[in-house]
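Each reported figure results from applying straightforward, stated rules to the coordinates on display, with no laboratory input. No experiment lies behind these values; they were computed from the predicted model shown. Here the Cβ positions follow ideal geometry from the backbone for every residue, glycine too, while neighbour counts run over all protein chains shown.
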Amino acid sequence: MTDKQTAQQDTKKLVKKLVLTVFFMFGFGFALVPLYDVFCDITGLNGKTSNVAAVQSDSVDKTRTISVEFIARTQGNLPWIFKPEVKKMNVHPGEMHQLNFLVKNNSVDNMVVQAVPSVSPGIAAAYFNKIECFCFNQQPLEQGQAADLGLQFYIDKDIPPEYTTVTLSYTLFDISKNIEQDEFTKLFADNKN
């Protein structure tokens, strides 16, 4: 074999390795999202709360108090007002609490939004239980319309003692473009009833 043939074979091997590396990296990148979700579910990181209504607590730990902070924000340039009626409350683990979030559609269009919750520190999300939450449903509001969106929750009494402050944050996303026209119309018709 000549030096030229050896160099060509080496080049072909290198190209094959580079192509395989690119495919491997693409596949790994594609798999990261579901792997990250599984990792967060196992470890409790990322502050994701359950989107299923919890069962009401059966006992209260009056020996402890946890400060719960509430944050509300909108995605990007969403022209809505979104804020909690209180920014902070002290609760006993296991004790049921209820509050509202004020929301107003300041746009010139009818819109449907979805609230996505997050709890910090992330591990505390496993102990934040929502009995009722506006985040369980899509929220249709006509232009200029305001509403009070309810949240009923408790902090599980088994929350470790080092967690004395928990922050619940909601981000409001515009999902209007993701909804079929028939469903969009039905949401607003149901909202008027």
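Using the eigenvalues of the Cα gyration tensor, what equivalent ellipsoid semi-axes result for the stretch 88-193 when each is taken as the square root of five times the eigenvalue, whole Å, largest first?
Details: eigenvalues 201, 34, 28 Å².
Listed largest to smallest, the semi-axes of the stretch 88-193 are 32, 13, 12 Å.
Provide Rg over Rh for the stretch 83-136; use the alpha carbon set for both Rg and the Kirkwood Rh (inverse mean inverse pair distance).
Result for the stretch 83-136 is an Rg/Rh of 1.01.
Mind checking which lysines have their C-alpha under 24 Å from Lys4, skipping anything on the same chain fewer than 8 residues away?
Reachable lysines: Lys12, Lys13, Lys16, Lys17.
Past 28 Å, Cα to Cα: identify those pairs from Lys88/Lys130; Lys87/Lys177; Lys87/Lys130, in the order given.
Where the Cα-Cα span goes over 28 Å, the pairs concerned are Lys87/Lys177.
Rank by packing, highest mean first: peptides 100-106, 85-91, with packing defined as the count of other Cβ atoms within 10 Å averaged across residues.
Final packing ranking: 100-106, 85-91.
Please give the contour-minus-distance gain from Asn90 to Gln145: 0.36 nm per residue of separation, less the Cα-Cα distance, rounded to one decimal in nm.
Full-extension gain reported as 16.7 nm.
At a Cα cut-off below 12 Å, give the aspartates and glutamates reachable from Lys157, other chains included and same-chain residues fewer than 8 away excluded.
Asp58, Asp61, Glu95
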